[in-house]
1. Using the basic label-point model (7 angstrom from Cα toward the beta carbon), what is the R99 to E133 distance in nanometres?
2. GNM on the chain, C-alpha springs below 10 Å: top fluctuator among G34, G120, G81?
3. Are there trypsin sites (Lys or Arg not before Pro) in segment 71-126 that DSSP puts in a loop and that have at most 16 other Cβ atoms within 10 Å, and which ones?
4. From the residues T134, L147, G120, which one has its Cα farthest along the dipole of segment 89-147 in the positive direction, the dipole being from +1 and -1 charges on Cβ of Lys/Arg and Asp/Glu about the Cα centre?
5. Could you give the size of the charge dipole of the chain about its Cα centre, using +1 on the Cβ of each K and R and -1 on the Cβ of each D and E, expressed in debye and rounded to the nearest 20?
6. In segment 16-119, what GluC sites (Glu not before Pro) fall in a loop by DSSP, with at most 10 other Cβ atoms inside 10 Å?
7. Once you wrap a convex hull around the alpha carbon atoms of segment 5-126, what is its projected area averaged over all directions, in nm²?
8. In degrees between 0 and 90, to the nearest 10, how far off the longest principal axis of the chain does helix 49-66 point, with axes built from Cα atoms?
Amino acid sequence: MTGTADGLTRLIESAVVPMGYELVGVEYLDQGHGGVLRVYIDHADGISVDDCARVSHQVSGLLDVEDPIPGNYSLEVSSPGLDRPLFGKRDFDRFAGRRVSLRTREKIAERRRFKGLLRGTEGDDVLVEVDGETFRLPLDRIDKARLVPDF
């Protein structure tokens, strides 16, 4: 994550955590004509539509005052869902032992997509076991990562 993204995450976290929610992560998608700012929240009791509305109202007000993103964008607040996105080292350690799907920014071991068992982290590397082989993926080269739901 860039310094700007870290600052945006800290800003949003300052509104979400005092409300009693966990800030799972923040994504900004630039779509040319305006972006989408996605804020994922969680709570031990789950997340309802009313929870998302409350957090959206609070975060929207904060973003209007602080104005950290130039131009137009839409704000979306949601639960992380069953295919929860993973945002940082803390998440990769927390969900060790679960199945994940990862995409890297560039090829590592001749591939960009990895789907397998998350083995946690070592240093700044995420360990993923795919078909009996463990891959070391530098955290800063992971583009997207999500849990794979067990059904």
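1. 2.0 nm
2. G34
3. Values: sites: K89, R90, R94, R98, R99, R103, R105, K107, R111, R112, R113, K115, R119; in loops: R98.
Counting only loop positions with at most 16 other Cβ atoms within 10 Å, the trypsin sites (Lys or Arg not before Pro) in segment 71-126 are R98.
4. Checked the options; the winner is L147.
5. Charge dipole, the chain, about its Cα centre: 600 debye, nearest 20.
6. Details: sites: E22, E27, E66, E76, E106, E110; in loops: E110.
For GluC sites (Glu not before Pro) across segment 16-119 that sit outside H, G, I, E and B with at most 10 neighbouring Cβ atoms in 10 Å, the list reads E110.
7. Numbers: hull surface 35.9 nm².
Mean orientational projected area (segment 5-126, Cα hull): 9.0 nm².
8. That helix lies at roughly 70 degrees to the long axis.
The numbers here are math on the coordinates, done by the rules we state, and not lab data. If you're wondering where the values come from, they're calculated on a predicted model, not measured in any experiment. Counting neighbours? That spans all protein chains shown, and the Cβs are built from the backbone with ideal geometry, glycine included.
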